[in-house]
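Enquirer: Let me begin by handing over the structure; questions about it come next.
The values are calculated or read from the model by the stated rules, or taken from the named source; none is laboratory data. Keep in mind it's a predicted model, so treat the numbers as computed, not measured. In this analysis, Cβ positions are derived from the backbone assuming ideal geometry, glycine residues included, and neighbour counts consider all displayed protein chains.
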Amino acid sequence: MILAYDLGTGGIKAALYREDLTPAAEQFSEYPTYYPAPGFHEQSPEDWWRAVCECTGTLLERTGTPPAHVSGVALSGASLVAVPIDRNGAALLDRVPIWSDTRAEAQAADFFTRVPEHAWYTRTGNGFPPACYAVFKLMWMREHQPDVFAKTVVVLGSKDYINFRLTGEVATDPSYASGTGAFDLQKGIMNSELLRAAGLPEDLFPPILPSHRVLGHVTAGAARATGLQEGTPVFLGGVDNACMALGAVGAENGRAYVSLGSSAWVPLNCETPVLDVRTRPYTFAHIEPGMFTSAYSLFAGGNSLRWARDVLCPDLPKETAYDRISALAETSPPGANGVLFHPGLAGGTMQDESPHLRGAFMNLQLGTSREDLLRAVLEGVALNLGLSLSLLREKAAVREPLLLCGGGSRSPVWMQIFADVLDIQVEKTNVDQSAASLGAAAIAVRGLGIWQDYRPIRTLHKTERLYAPDPARAAFYRDKQLPLFRELCRMTAALGEVVRQNA
């Protein structure tokens, strides 16, 4: 058996796969995100570890899998995280900024007085708002938490921290390193010039090794905590964006998909990074050496629906809430009786006119129903990602059907909205929410020598349903709703700037 972990924003999923990568079982454990101040998005590394231990023990016990039958372990981990570790191997902060944390705006602005921002972007491919990246978070730490910074000997990404807890070894892989803010995409190494401009020592970052390399083996302490067998090999794994790309569309050049999880993105596999200084697609090194995954994102994709569940539908049982929300939304017509929703609940990305925009409903009236609001949420996420897909289509042809994976793909109502809004045939496969964990499992299988490359991944996808766009609805969204949504994007960006200036 192969044990793969998908360490995401909302929680961690442990998945057992057979050696042919057919799934056996999975277990999920949720952990909280804290928002102590505007722009501050934090999680506890100890929560990650606790969830790993809980998931692993429960999964092995529930399936009756002897620990000795687990041949290898690999992780997919949320990006842009830097956990400071001291010389004794302890995490120095109870909570660390996660990928969407933007507290380091002033530090990024200071950095760009020494390095032109466009030159930084074209070298790194880092198209999120710059403050999200690890180098700027570390600059913030140096300024605001000098005692912590002074004690830090290495900073670890999310999955690298869990790997460290499992093995006691420190390293990262190219895909995770490419989200630090100082990784040279073309050379595949940390860029010393950028690190000097940030005032950060190069040895603050761990060594970079291939994703399918064995990092180390489960220690006796980790074995007691997790239920794994001591000595089980642990592979480097990869960043969630790259692992999901691998699990969704393999390492095929020109393949695109939509990920609809807590955040959402539209990535494209490419042999040459897709870079555009104006719209700023973000690019990570792919798990496959010499390849890249370039994407546009939405910080609050599935989280917009989670917000709607918690705020608009507190009366619905959580176990069935999303199914009920889809059913309620389906009773509102396309266009949600005039209501528009902007899903900027976690701020804007670089394709937006301002990173400071926030979510919004527009065109409410006394007759607006909860059903209209819920449909507007589903449509707003689809319209936003439709703009992202149109930008990628300017760079490369997108093959049909377009795979949708992640939790949102479980809603037939939302899938049909996507097909109509994107005006493209949309596919749901059996992989569903498991693309990232499948990618991590594939890394372990390759590391064990069972696979020589990643070509078999596509054969693991079995189409469960295809959604074809309805011509009339597609025309309605294209000609009526999309222009209105573009105007809503402009308005929320302008308001976000005003709010920021008056704060």
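Enquirer: How do the pairs read when you match residues in segment 64-79 that are outside the structural domain of Gly231 (by TED's automatic domain parsing) and touching a residue at least 12 places away in the same chain (Cβ under 8 Å) with residues anywhere that are surrounded by 21 or more Cβ atoms within 10 Å (Cβ to Cβ) and not in a loop (DSSP other than H, G, I, E, B), using Cβ under 8 Å and keeping only pairs 6 or more apart or on different chains?
Expert: From residues that are outside the structural domain of Gly231 (by TED's automatic domain parsing) and touching a residue at least 12 places away in the same chain (Cβ under 8 Å), there are no pairs.
Enquirer: Can you tell me how many residues in segment 141-170 are on the phi > 0 side of the Ramachandran plot and either of a type in the set (A, V, I, L, M, F, W, C) or in a helix (DSSP H, G or I) (or both)? So that I can check it myself, show each step before the final result.
Expert: Initial filter on segment 141-170 (on the phi > 0 side of the Ramachandran plot): 168.
Still in the list and also either of a type in the set (A, V, I, L, M, F, W, C) or in a helix (DSSP H, G or I) (or both): none.
So the count comes out to 0.
Enquirer: Out of all the residues in segment 42-59, is one or more assigned to a strand (DSSP E or B) and farther than 23 Å from His461 by Cβ?
Expert: Checked segment 42-59: at least one residue is assigned to a strand (DSSP E or B) and farther than 23 Å from His461 by Cβ.
Enquirer: Hey, could you check segment 289-315 for residues that are touching an Asp or Glu at 6+ places or on another chain (Cβ under 9 Å) and in a loop (DSSP other than H, G, I, E, B) and say which is surrounded by the fewest Cβ atoms within 10 Å (Cβ to Cβ)?
Expert: Checked segment 289-315; the qualifying residue surrounded by the fewest Cβ atoms within 10 Å (Cβ to Cβ) is Gly290.
Enquirer: Every residue in segment 38-54 that is under 16 Å from Lys159 (Cβ atoms) and in contact with a Phe, Trp or Tyr (Cβ under 7 Å, 6 or more places away or on another chain), please. Let's see the steps before the verdict.
Expert: First pass over segment 38-54, keeping only residues under 16 Å from Lys159 (Cβ atoms): 43-53.
Listed by number, the residues that qualify are Gln43, Pro45, Asp47, Trp48, Ala51, Val52.
Enquirer: Additional query: Failed condition for Gln186, given (1) at pLDDT below 95; (2) under 27 Å from Thr219 (Cα atoms); (3) not aromatic (Phe, Trp, Tyr), with all others met?
Expert: Here Gln186 meets the rest and fails (2).
Enquirer: Then there's this: Check Glu42, Glu61, Glu19 and return the single one that is at pLDDT 95 or above and touching a Ser or Thr at 6+ places or on another chain (Cβ under 9 Å).
Expert: Numbers: Glu61 fails: touching a Ser or Thr at 6+ places or on another chain (Cβ under 9 Å); Glu19 fails: at pLDDT 95 or above.
Testing whether each residue is at pLDDT 95 or above and touching a Ser or Thr at 6+ places or on another chain (Cβ under 9 Å) leaves just Glu42.
Enquirer: Could I ask something else about it? Hey, could you check segment 204-230 for residues that are among the hydrophobic types (A, V, I, L, M, F, W, C) and part of a loop (DSSP other than H, G, I, E, B) and say which is nearest to Ala82 (Cα to Cα)?
Expert: Result: Phe205.
Enquirer: I've got another one for you. Would you please name the residue that is surrounded by the fewest Cβ atoms within 10 Å (Cβ to Cβ), looking only at residues in segment 1-27 that are small (Gly, Ala, Ser) and outside any strand (DSSP E or B)?
Expert: Step by step, filter segment 1-27, then rank; the result is Gly10.
Enquirer: Can you pull out the residues in segment 239-251 that are assigned to a loop (DSSP other than H, G, I, E, B) and in contact with a helix residue (DSSP H, G or I) (Cβ under 7 Å, 6 or more places away or on another chain)?
Expert: Gly250
Enquirer: Identify the residue in segment 28-57 that is of a type outside the set (D, E, K, R) and over 17 Å from Pro97 (Cα atoms) and, among all such residues, is surrounded by the most Cβ atoms within 10 Å (Cβ to Cβ).
Expert: It comes out as Thr56.
Enquirer: Return yes when Arg255 is in contact with a Phe, Trp or Tyr (Cβ under 8 Å, 6 or more places away or on another chain) and surrounded by fewer than 24 Cβ atoms within 10 Å (Cβ to Cβ) and no when it is not. Let's see the steps before the verdict.
Expert: Details: in contact with a Phe, Trp or Tyr (Cβ under 8 Å, 6 or more places away or on another chain): no; surrounded by fewer than 24 Cβ atoms within 10 Å (Cβ to Cβ): yes.
No, not satisfied.
Enquirer: Gly231: free of Cβ contacts under 8 Å to residues at least 60 places away in the same chain, in contact with a His (Cβ under 6 Å, 6 or more places away or on another chain) and of a type outside the set (A, V, I, L, M, F, W, C), yes or no?
Expert: It is true that Gly231 is free of Cβ contacts under 8 Å to residues at least 60 places away in the same chain, in contact with a His (Cβ under 6 Å, 6 or more places away or on another chain) and of a type outside the set (A, V, I, L, M, F, W, C).
Enquirer: Residues that are surrounded by fewer than 19 Cβ atoms within 10 Å (Cβ to Cβ) and not assigned by TED's automatic domain parsing to the domain that holds His212, at least 1 per element: which helices (runs of 4 or more DSSP H) completely within segment 335-451 meet that?
Expert: Of the helices (runs of 4 or more DSSP H) lying wholly inside segment 335-451, those with at least 1 residues that are surrounded by fewer than 19 Cβ atoms within 10 Å (Cβ to Cβ) and not assigned by TED's automatic domain parsing to the domain that holds His212 span 370-393, 412-422.
Enquirer: Hey, does segment 85-105 have a residue that's touching a residue at least 24 places away in the same chain (Cβ under 8 Å), in a helix (DSSP H, G or I) and surrounded by fewer than 23 Cβ atoms within 10 Å (Cβ to Cβ)?
Expert: Checked against the condition, which is being touching a residue at least 24 places away in the same chain (Cβ under 8 Å), in a helix (DSSP H, G or I) and surrounded by fewer than 23 Cβ atoms within 10 Å (Cβ to Cβ), segment 85-105 yields at least one hit.
Enquirer: A further question follows. List every residue pair whose Cβ atoms sit under 8 Å apart, with the two residues 6 or more apart in sequence or on different chains, where the first one lies in segment 316-344 and is free of Cβ contacts under 8 Å to residues at least 60 places away in the same chain and the second, anywhere, is part of a strand (DSSP E or B).
Expert: Close Cβ pairs satisfying both conditions: Val339/Phe361; Val339/Met362; Phe341/Ala360; Phe341/Phe361; Phe341/Met362; Pro343/Leu298.
Enquirer: If you don't mind, another one. Which of the residues belonging to segment 438-474 are farther than 18 Å from Glu427 by Cα, β-branched (Val, Ile, Thr) and in contact with a Ser or Thr (Cβ under 6 Å, 6 or more places away or on another chain)?
Expert: Passing the criteria: only Ile443.
Enquirer: Among Ala134, Ala220, which is out of contact with any helix residue (DSSP H, G or I) (no Cβ under 8 Å at 6 or more places or on another chain), surrounded by 24 or more Cβ atoms within 10 Å (Cβ to Cβ) and either at negative phi or touching a residue at least 40 places away in the same chain (Cβ under 8 Å) (or both)?
Expert: Ala134
Enquirer: Would you check if Gly254 is more than 18 Å from Gly179 (Cα to Cα) and modelled with pLDDT under 95?
Expert: Details: more than 18 Å from Gly179 (Cα to Cα): yes; modelled with pLDDT under 95: yes.
Taking the combined requirement at face value, the residue satisfies it.
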